[in-house]
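Worksheet: one structure, shown below.
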Amino acid sequence: HIVAYITGGANGIGKAIAQKMHCQGAKVVLADISCKGAKVAEGLGEKALFTCTDVRLEKDVLESMKCVKEKFGGVNVLINSAGVVGYEPIYDFKNKKPHSVDLYRCLYDTNVWGLFNVTRLMVGLMAENKPDANKQRGVVINLSSMMACEPPPGLVAYGSTKSAVSGMTMPMARGLASKGIRVIGICPGYIDSPMTAPQKPDERKKWIGMKLTPKRYGTCEEVAHLVQACIENPLINGENIRIDMGFRYNQERDAVQRISRCYLAECAQNLGKYVDQVSKRLSTFQRCGYYILDGISKISCGAQISLKQFFGCFNAR
C-alpha cells in the first residue's frame with residue numbers, strides 16, 4: 001500500500017496530487033503551513049492526515065514524521081510540492097533599485113532548503129520499509145519548474161531556486177539507490193494554480209503563444225496524473241521531466257529559427273530557376289545536391305547569406 005507525504009498539500013498542485021492519489025487508494029499526508037490543509041484532509045476521510053508543517057524547520061518536520069508513523073506506520077512516497085514564487089528583475093533600472101535580498105532568501109529558504117530539509121529527514125524513515133518486488137523502498141518526487149530551464153528576466157531568483165531543485169535529482173538518485181529509493185523531478189510549465197492566478201490576461205496570452213500545443217494553461221490535475229504515473233513506473237529514476245506543452249522562452253534562438261525558415265523558403269521558391277544553370281556547371285547532378293545541402297546547412301545554423309552568395313559558390317566551383 002502507498003503512504004504519500006505531500007508538502008504544500010493544502011492547495012494547487014499539491015492538493016491535486018493528494019486527491020488523485022487518495023482516489024487511487026493511497027493514504028495521504030498533507031504537510032503544509034496553511035491550515036487550509038486540515039479541511040482538505042477532512043474531506044478525504046480517514047485515509048488522510050494533515051500536519052501543520054513549516055518545511056524550513058527541522059522540529060516541525062520531525063514532529064510531522066512522528067504523527068505519520070503513529071497513524072500510518074511509515075512513508076514510501078515523498079512529494080515535495082511546497083514552494084513560493086516572486087517576480088523581480090535583477091535590477092530595476094528605471095527606479096535604480098537592485099533585486100531584493102529578502103525576497104531571494106525567502107524563495108531560497110522554502111524552495112531549496114525546505115525541500116532538502118524534508119528529504120534528508122524523510123528518506124531515513126523510508127529506508128526502514130521492506131523492499132518490494134523491484135527491491136525498492138520508496139520514491140521521492142520533487143516539484144521543480146520549467147523555469148529551471150526557461151526563466152524570463154523577472155524570475156531570476158525563482159528560476160535559480162528551481163534550477164537548484166532540478167540539480168538535486170541525479171545526485172539524490174545516486175545517493176539513495178543503494179536503499180532502493182528513486183528520485184524524480186517534475187518540471188511543470190504554466191499551470192492554472194494559485195501561483196499563476198495574479199497574472200493578467202495579456203500576460204497569459206503572451207505565455208500561451210510560446211507553447212507548441214495545446215495552446216492553453218495546464219491543470220493541476222494533469223500534473224497529478226504524471227506524478228501518479230511516475231510512482232507506478234519503477235523504471236523512471238534520476239530524471240527531470242518537463243510537462244510544459246513544449247514551451248520555450250529563448251527569444252534569440254527563436255529569432256534565428258525564424259530567419260532560417262525565411263531563407264529556406266526563399267531558396268525553395270527560386271531553386272527551380274537555378275537548377276538548370278547549376279547542373280550545367282557541375283559534372284554530375286549529385287554534386288549539385290551536395291552544394292545545395294551545404295548551403296542550406298549554413299543557413300540552418302543561422303548564417304545570414306544572400307541568395308547571390310548562396311548560389312555564387314557554384315560559380316566558384
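The values are calculated or read from the model by the stated rules, or taken from the named source; none is laboratory data. Worth saying up front: this structure is predicted, and the values here are computed from it rather than measured. Glycine gets a Cβ as well: all are built from the backbone with ideal geometry, and neighbour counts include every protein chain shown.
The single condition from (1) surrounded by 22 or more Cβ atoms within 10 Å (Cβ to Cβ); (2) of a type in the set (Ser, Thr, Tyr); (3) more than 22 Å from residue 137 (Cβ to Cβ); (4) in contact (Cβ under 8 Å) with a residue 60 or more places away in the chain that residue 53 fails is (4). Whether any residue in region 72-83 is out of contact with any helix residue (DSSP H, G or I) (no Cβ under 9 Å at 6 or more places or on another chain), surrounded by 15 or more Cβ atoms within 10 Å (Cβ to Cβ) and either at pLDDT 95 or above or among the basic types (Lys, Arg) (or both) is what I want to check. Yes - at least one qualifying residue is present in region 72-83.
Can you tell me which residues in region 206-231 are of a type in the set (D, E, K, R), assigned to a helix (DSSP H, G or I) and modelled with pLDDT under 75?
So in region 206-231, the residues of a type in the set (D, E, K, R) come out as 206, 211, 215-216, 221-222.
From the residues that got through so far, the ones that are assigned to a helix (DSSP H, G or I) too are 206, 221-222.
Once the filter is applied, which keeps residues that are of a type in the set (D, E, K, R), assigned to a helix (DSSP H, G or I) and modelled with pLDDT under 75, region 206-231 yields only 206.
Take the conditions (1) modelled with pLDDT under 95; (2) touching a strand residue (DSSP E or B) at 6+ places or on another chain (Cβ under 6 Å); residue 34 misses just one of them, which is (2).
Taken together, the residues in region 21-32 that are crowded, with 19+ Cβ neighbours inside 10 Å and either basic (Lys, Arg) or free of Cβ contacts under 8 Å to residues at least 40 places away in the same chain (or both) amount to 4. State whether one or more residues within region 150-161 are assigned to a helix (DSSP H, G or I), surrounded by fewer than 21 Cβ atoms within 10 Å (Cβ to Cβ) and touching a Leu at 6+ places or on another chain (Cβ under 7 Å). No, region 150-161 contains no residue that is assigned to a helix (DSSP H, G or I), surrounded by fewer than 21 Cβ atoms within 10 Å (Cβ to Cβ) and touching a Leu at 6+ places or on another chain (Cβ under 7 Å).
Do we have residue 63 as touching a residue at least 24 places away in the same chain (Cβ under 8 Å), of a type outside the set (Gly, Ala, Ser) and farther than 29 Å from residue 225 by Cβ here? Criteria not met by residue 63.
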